1. Where q = 0.15, 0.23, 0.27 Å⁻¹, what log10 of I(q)/I(0) comes from the Debye formula for the range 228-296, counting one point per Cα?
2. Multiply the residue separation of Gln172 and Asn678 by 0.36 nm, subtract the distance between their alpha-carbon atoms, and state the gained length in nm to one decimal.
3. List the residues whose amide H sits under 5 Å from the amide H of Trp383, counting only those 5 or more places along or on another chain, with H placed 1.01 Å from N in the peptide plane.
4. Order His771, His553, His91, His400, most accessible first, counting only protein heavy atoms with a 1.4 angstrom probe.
5. Ignoring ligands, DNA and RNA, please state the percent of accessible area on the range 122-216 from carbon and sulfur, probe 1.4 Å.
6. Mind checking the angle between helix 250-262 and the chain's longest principal axis? C-alpha axes, 0 to 90 degrees, to the nearest 10.
7. So if we plug the beta-carbon distance of Asn379 and Leu336 into 1/(1 + (r/R0)^6) with R0 = 30 Å, what FRET efficiency do we get, rounded to 0.05?
8. Tell me the mean residue ellipticity at 222 nm calculated for the chain from its helices only (DSSP H runs of n ≥ 4, each -39500 (n - 2.57), averaged over every residue, nearest 500).
Amino acid sequence: MIRRAPIVSLLLGLLLWTGAAQALIAEDEVLVGVFGMRPAPIMEQRFQPLIDYLNDSVDGVTFRLKVLPPDQLDHAIRRNQVDLLLTNPTHYITVRSENALSGVLATLVARNYGETTRSLGGVIITRKDKTGIETLADLAGPTIAAPGTRFLGGYRAPLFEAFDAGIDLREQATFEFVGTHDAVVEAVLNGKADVGFIRTGVLENLRSLGAAHLDELRVVNKQPVGSFPFVVSTRLYPEWPMVTMQHMDADLERRIGAALFSLDTSDPAAMLSGIAGFGPPGDYASVEEISRRLSLPPFDTPPDITAADIWAQYWMLVVVVVVAVLLITVLSLALLMRHHALRRSEERFRRFFEDNASVMLLIDFERCKIIDANQAAVNFYGWPRDMLEGRPIADLWATHCRHYAETRDVDTTAGYSHLHTHRLRSGEERRVEVHVTPLHDKPDGGQMFVIVHDITERERAEKALERERERLNNVIEGTNVGTWEWNIQTGETVLNERWAEMIGYRLDELQPTTLETWNRFVHPDDLEASNRMLQACFRHERDYFEAEVRMRHRDGHWPWILTRGRVLEWTDDGQPLRMWGTHQDITSRKRMEQDLQLAASVFVHAREAIMITGLDARIIDVNAAFTEMTGWRRYEVIGHTPKFLQSGLQDAEFYRQMRERLRTAGYWSGELWNRHKNGELFAERLTISLVRDAEGNPSSYIALASDITDVKNYQKELEHRASHDALTGLPNRVLMSDRLRQNMAAVRRRGGMLAVVFLDLDGFKAVNDEHGHDMGDKLLIEMAQDLGAQLRELDTLARISGDEFVILLGGLTQEMDAQPIIERLIEAAAKERIIDGVPIQVTASLGYTYYPQTNGIDDETLIKQADSAMYEAKEAGRNRACRYRLE
């Protein structure tokens, strides 16, 4: 007994160490090992959403995903580096034979393109034109393709079906292991193998993806299996198990199981992982049985001598030895436990308590004081240990804690948790999550073991996330867009109410919505182009989908819709699974573009600039079109007001009326001039709308702007062309008549005189006839420049026809004031000009008259008087001026 004491002590230490490990697991990290049947990045992408779901659903621990190939996974399990295992049934049987496991926690429910199942089986395939392979007996002799020996549906299940029928295909057939199920199908189709073994669901998956030549295959030994959704050639076996290692704490195991069973098929974690959740543990005895009967791992070695063999031959001796050993062990353990258990337990707890990173306190129920605190508590609360120990627990509370009194008054050992606010020594208040375990086993009263987690930052992050979601909803509401979600594999869609309103319906009138809903309302001429863009996205040729289409409204018209979207979820084999996007009614923009194109013949097809501000007018966000229109980048304008865009062309009253309209009506729309970052001015059509939150309170403003500078400039050009001569740029008859009437009105108001001169070139026709019209046009241009140089700034020179000009001389005090100007005009017209190397000389005949006159006359009469006087000048010999003589 003395020699056995060290061994017993060692066993006791190991047991105590195991208990400590379990406690640490409950507060530390859980490593989830996954059987790497595909490359690690693909498996990690598939199952990381499940890990994120467990982290959100199970408090107190952090789950971490580790995808490992079989050999590395077995090594990690042997070294106790895996806490939770998700693997295939055959690997589970092997791991169970080599390691101590708690058992299967749950069985995976697979999702296969809308169908769910907890079972899998094997499928035996061959080509339709392959004769002589009809039954299991016909499998003896041909070449069989299989993915590998570790596969259940792709190897062991079909192999066992033949074995159970008396045919050992390992001896009577030739196997080619090609690595994957897809490779098996390809080998059979290409004739490299006569028969192929694959798991259930593969053929259906390939057919849904449009794989070619599947109709050339047929299934051997097809089984009727009731409601099972796939064709199968073998018996059915349970899907992948989720297994817990033996060292995992039982309470943590129950919480993980509850989280797995609570995973709904519509949960984003399930959809992103391609599963439908988890069900009760399956019975894997059938998997073990076929592996045992086929002598496949872990049953591929000769059996050792078992305890049953020893018992059958030496049972009496065994009984005596066992009884003796048990008596010795019990006595030894009792003695050791009496002397060492309490001390070791206290030492272990002290190490665990003191070194733990979590805040831990031990509270005396009766005195309501802290009797022990670890270093983490000292660091968190800011009091030295000697000041923290003995301090009333209420000193840590920012407000009264009702949970404390309830725990003290109720005789229970059940643990619980609650949220509270604690005050630090510095006065700072922190939100904490308190985990309490009552200890009612003291002779002088109970105690309370408390673990405190600081959740202040977590709560702040949750509030920030909620604000961001509200802001996104406001943007969607403010921009008045519809939203859609599309399951590309099933065709199902989820639309919002605005989507239906754009075409005149309520959403419930369109239910159930599918892809056919879209096809039914889109204009046939636009459907093909939008489908091409979608296919480009599916082929990864485009990052996003964007199309402008017409959709049939309930009342028969066709509003324009801008639809945008992106594929955000893909299947494991790279096929598009889910797509999200928006609808925006752009009918008004389309109409504006069409109107501008018809009126100005310029293109206006720019996306609207969008600017979002708070109620204080400070910019919250802008889009890329804003930067393109204004030259200001997003980071340069965030937090500023839009005053830096003001051009100065609109006065303060303009902006006051804009703000008043926003305050009373909730929107403002109009045109204004703003200034680009480079200093240039640009015109824009601007609409500002007030955005309200869910309670109807104002929350922000959203502005949509379109650049209409080109239109404004073109309008200005059209106005100039309408009032000016195209050749010389001088005012034409219309503008000249307007200015004449204005000058006449000025004379009537302020007094003074006005002279109207009619000028006609002498010999201009000969220039055209001798030198051509191009030379005549150049002469007119130079003549207009020379005549204009003789006039004052307040005078007007206009060309009213081919070689006829009218000059308005305003601001005269007497008739003689006009004579010097008229003489200069005659001289300027008669000077010789060299045009394209050719000397050209013409003269001018002028007729003029004055206003006012004794009898009231209008502007047309004045022109006729000057014209009549001009003809007198021509008759008198030309190159001179004549005044109109009043009769």
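1. Cα-only, vacuum Debye calculation for the range 228-296: -0.73, -1.11, -1.19.
2. Length gained, Gln172 through Asn678: 173.8 nm.
3. Sorted by chain and number, the residues that satisfy this are Arg425.
4. Result, largest first: His400, His771, His553, His91.
5. 47
6. Between the helix axis and the principal axis of the chain, the angle is about 50 degrees.
7. 0.20
8. -12500 deg cm²/dmol
The values are calculated or read from the model by the stated rules, or taken from the named source; none is laboratory data. What you are looking at is a predicted structure, and each value in this text was computed from that prediction instead of being measured. Reconstructed Cβ throughout: ideal geometry from the backbone, glycine too, with neighbour counts over all protein chains shown. Calculation scope for accessible area: heavy atoms of the full protein, side chains included, ligands and nucleic acids excluded. Shrake-Rupley method; radii C 1.70, N 1.55, O 1.52, S 1.80 Å.
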